[in-house]
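The values are calculated or read from the model by the stated rules, or taken from the named source; none is laboratory data. Since we're looking at a predicted model, the values are computed, not measured. Positions of Cβ are generated from backbone atoms using ideal geometry, with glycine treated the same way; all protein chains shown enter the neighbour counts.
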Amino acid sequence: MVNRNVIVELMRTGNLFSDMINTALQTRGLTIQQFNVLRILRGRNGLAACLESVTNDMIHRMSNTSRIVDKLTEKGYVIREVCKENRRKIDLFITSKGLAIIEEVDPLLIKKEQELTKTLSTKELEQLLQLLTKLKSKHKH
């Protein structure tokens, strides 16, 4: 029964934290999935990313990444270009406007993350991260 309780609490906590982070992002007109795509593209440091690689790096892998990229393109945060080596492939890049919104949102998220984890010490956070990583590593797809 303790196994089920752990799973249920992980799911409840994950949903609660997602909701709270989503609420913080909504003040800047972003969803958590849109922010995740922008964060992934920022991490490419100006290099192209294809839709498949972005999808693989997403936290919420069931997201419709193509639709999310469409929304970010409409907002001017992402551009799509036809790949020069393979014309059937589309390369994605974050724009300066996309970088600016991330820079604006980062401090909000840092504050929210600190708020959500303030009841744990640094040592406890490190232990929790280690345990969650251990659980996930055995079940990765």
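Anything in the range 1-34 that is modelled with pLDDT of 95 or more and of a type in the set (Lys, Arg)? List them, or say none. Arg12 - this is the single residue of the range 1-34 that is modelled with pLDDT of 95 or more and of a type in the set (Lys, Arg).
The selection criterion, being farther than 20 Å from Ser96 by Cα, part of a helix (DSSP H, G or I) and out of contact with any Lys or Arg (no Cβ under 9 Å at 6 or more places or on another chain), holds for Arg67.
Would you mind stating whether Thr119 is under 23 Å from Leu25 (Cα atoms), over 17 Å from the mean Cα position of the chain (by Cα) and exposed (fewer than 14 other Cβ atoms within 10 Å of the Cβ)? Answer is yes for this residue.
Residue-wise test of (1) among the hydroxyl-bearing types (Ser, Thr, Tyr); (2) in a helix (DSSP H, G or I); (3) surrounded by 12 or more Cβ atoms within 10 Å (Cβ to Cβ).
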| position | (1), (2), (3) |
| --- | --- |
| Arg4 | no, yes, no |
| Val8 | no, yes, no |
| Phe17 | no, yes, yes |
| Met20 | no, yes, yes |
| Asn36 | no, yes, yes |
| Asn45 | no, no, no |
| Glu52 | no, yes, no |
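Just checking, does the range 91-110 include any residue being under 24 Å from Leu16 (Cα atoms) and assigned to a loop (DSSP other than H, G, I, E, B)? No, the range 91-110 contains no residue that is under 24 Å from Leu16 (Cα atoms) and assigned to a loop (DSSP other than H, G, I, E, B).
On the basis of being surrounded by 11 or more Cβ atoms within 10 Å (Cβ to Cβ), within 16 Å of the chain's Cα centre (by Cα) and more than 28 Å from Leu129 (Cα to Cα), does Lys89 make the cut? No, not satisfied. Screening Glu115 on (1) in contact with a strand residue (DSSP E or B) (Cβ under 9 Å, 6 or more places away or on another chain); (2) among the acidic types (Asp, Glu); (3) part of a helix (DSSP H, G or I) shows it passes everything except condition (1).
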